[in-house]
1. For region 104-123, name all the residues that are surrounded by fewer than 16 Cβ atoms within 10 Å (Cβ to Cβ) and in contact (Cβ under 8 Å) with a residue 24 or more places away in the chain.
2. If you take the residues in region 55-69 that are surrounded by 14 or more Cβ atoms within 10 Å (Cβ to Cβ), of a type in the set (A, V, I, L, M) and part of a helix (DSSP H, G or I), which one is farthest from the chain's Cα centre (by Cα)?
3. Does A34 fit the bill of being loosely packed, with under 14 Cβ neighbours inside 10 Å, modelled with pLDDT of 95 or more and either outside any helix (DSSP H, G or I) or among the hydrophobic types (A, V, I, L, M, F, W, C) (or both)?
4. Would you be able to tell me the number of residues in region 9-31 that are assigned to a helix (DSSP H, G or I) and surrounded by 13 or more Cβ atoms within 10 Å (Cβ to Cβ)?
5. Name the residues in region 18-50 that are touching a helix residue (DSSP H, G or I) at 6+ places or on another chain (Cβ under 6 Å) and closer than 25 Å to I73 by Cβ, would you?
Amino acid sequence: MRSRLTTQVLGFAGLTPFYVSLAGVALLEDYPRALSVQGFVIYSLAILCFLSGALWGHARSLPDRDQIGHLVISNGIVIFAVASVLTAQVVLAVLLLMLGYLALLWFERRTEETKNWYSAMRAQLTLGVVLAHLLYVGLNVVMLD
């Protein structure tokens, strides 16, 4: 029970940097705003890579025949995420990272045999992350006008 609570607290607390960065993008100017812009992208990259690593770790507990897909997807998402950031186009990178989160959730739900509290939490967290990414893109589009 304790590890479940810890996982939930850490998971939802992990949304905080997304929304703090969003506030910085919306409310700050010049260098602090630029830090918020880059902070959002870098944090998103880090979390997506972390989740891919968790998928890698989960694969190790599966039978050999089921490990390959998990390992390939885990590595593929990390490569996709890094390539997204390397576009050097902030809005494009954020949209691509958002697609990475959705792809990872889709894969997890497709390969999961049972739905439990963790899969429900992952869906809620992904919704929070996708919303943050959409708000980020919206803020960047508005500020370009």
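1. T111, W117, Y118, M121
2. A59
3. Taking the combined requirement at face value, the residue does not satisfy it.
4. The number of residues fulfilling the criteria is 11.
5. Of everything in region 18-50, those that are touching a helix residue (DSSP H, G or I) at 6+ places or on another chain (Cβ under 6 Å) and closer than 25 Å to I73 by Cβ turn out to be F18, F40, V41, Y43, S44, L45, L48, C49.
The values are calculated or read from the model by the stated rules, or taken from the named source; none is laboratory data. Note that this is a predicted model, so its numbers are computed, not measured. Every residue, glycine among them, receives a Cβ derived from its backbone with ideal geometry; neighbour counts consider all protein chains shown.
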